[in-house]
Amino acid sequence: MITWKTVLKPDEIQSVASYIYTLRGAKLASPGKLPENQQPAKPAGPSSFE
């Protein structure tokens, strides 16, 4: 996982953290992993993070 310190400004990091905090205890529409036959197709080639 990348370090966001060099990507986001401190106030942006605070905003993201605050938003994530609001999701605490929320019941998401589709929690968990999809069944293997319903997984989205992986794109061919290297990841954009490689």
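The values are calculated or read from the model by the stated rules, or taken from the named source; none is laboratory data. Owing to the predicted nature of the structure, the values given are computational and were not obtained by experimental measurement. As a convention, Cβ positions derive from the backbone with ideal geometry for all residues, glycine included, and neighbour counts pool all protein chains shown.
Summary of values
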item: Hits in the stretch 10-21 (condition: surrounded by 10 or more Cβ atoms within 10 Å (Cβ to Cβ) and either among the β-branched types (Val, Ile, Thr) or assigned to a loop (DSSP other than H, G, I, E, B) (or both)); result: 13, 16
item: Any hit, the stretch 40-50, residues being assigned to a loop (DSSP other than H, G, I, E, B), at pLDDT 85 or above and among the basic types (Lys, Arg); result: no
